[in-house]
Amino acid sequence: MHITDIIKKPVINTEKARNLLENNEYVFIVDRRANKLQIKDAVEKLFNVKVQGVNTLNIKSKNKRFRMSMYKTAAIKKAIVKLKDGESIAAYEG
């Protein structure tokens with residue numbers, strides 16, 4: 001798996017993700033098959049930063065209803081990446 005396949009997109013539009021920025025933690029949606037070591041390497045290579053730790057969480061798909069039809073949302077995996085002191089991702093905040 002290539003590093004650009006692991007990191008799909010950053011999460012910046014939630015209140016929790018904004019609060020984590022104060023602690024130098026960034027939230028990404030990642031590939032569901034990626035493990036913590038692969039996520040750490042991908043972030044370090046893509047953004048030229050040093051990663052202190054990675055926490056991951058799997059979000060199950062949910063059943064939703066729109067008018068008379070039912071559908072399922074996609075299951076996703078999020079990674080909360082903590083950077084070392086003095087490091088930041090400039091593209092994330094812009």
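Numerical summary
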quantity: All positions within the range 74-94 that are modelled with pLDDT under 95, open to solvent by less than 50 Å² (accessible area, probe 1.4 Å) and either touching a helix residue (DSSP H, G or I) at 6+ places or on another chain (Cβ under 6 Å) or assigned to a loop (DSSP other than H, G, I, E, B) (or both); calculated: Ile89
quantity: Residues located in the range 29-52, provided they are assigned to a strand (DSSP E or B), closer than 19 Å to Glu87 by Cα and either in contact (Cβ under 8 Å) with a residue 60 or more places away in the chain or touching a helix residue (DSSP H, G or I) at 6+ places or on another chain (Cβ under 8 Å) (or both); calculated: Val51
quantity: Residue list for the range 50-72, filter: closer than 18 Å to Thr14 by Cα and open to solvent by less than 80 Å² (accessible area, probe 1.4 Å); calculated: Thr56, Leu57, Ile59
quantity: Residue match in the range 9-28 (condition: out of contact with any helix residue (DSSP H, G or I) (no Cβ under 7 Å at 6 or more places or on another chain), free of Cβ contacts under 8 Å to residues at least 12 places away in the same chain, surrounded by 15 or more Cβ atoms within 10 Å (Cβ to Cβ) and part of a helix (DSSP H, G or I)); calculated: yes
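The values are calculated or read from the model by the stated rules, or taken from the named source; none is laboratory data. Model, not experiment: these values are computed from the prediction. Virtual Cβ from ideal backbone geometry, glycine too; neighbours counted across all protein chains shown. The protein model used for the area step is the full one, side chains on, heavy atoms only, and it has no ligands, DNA or RNA in it. Shrake-Rupley method; radii C 1.70, N 1.55, O 1.52, S 1.80 Å.
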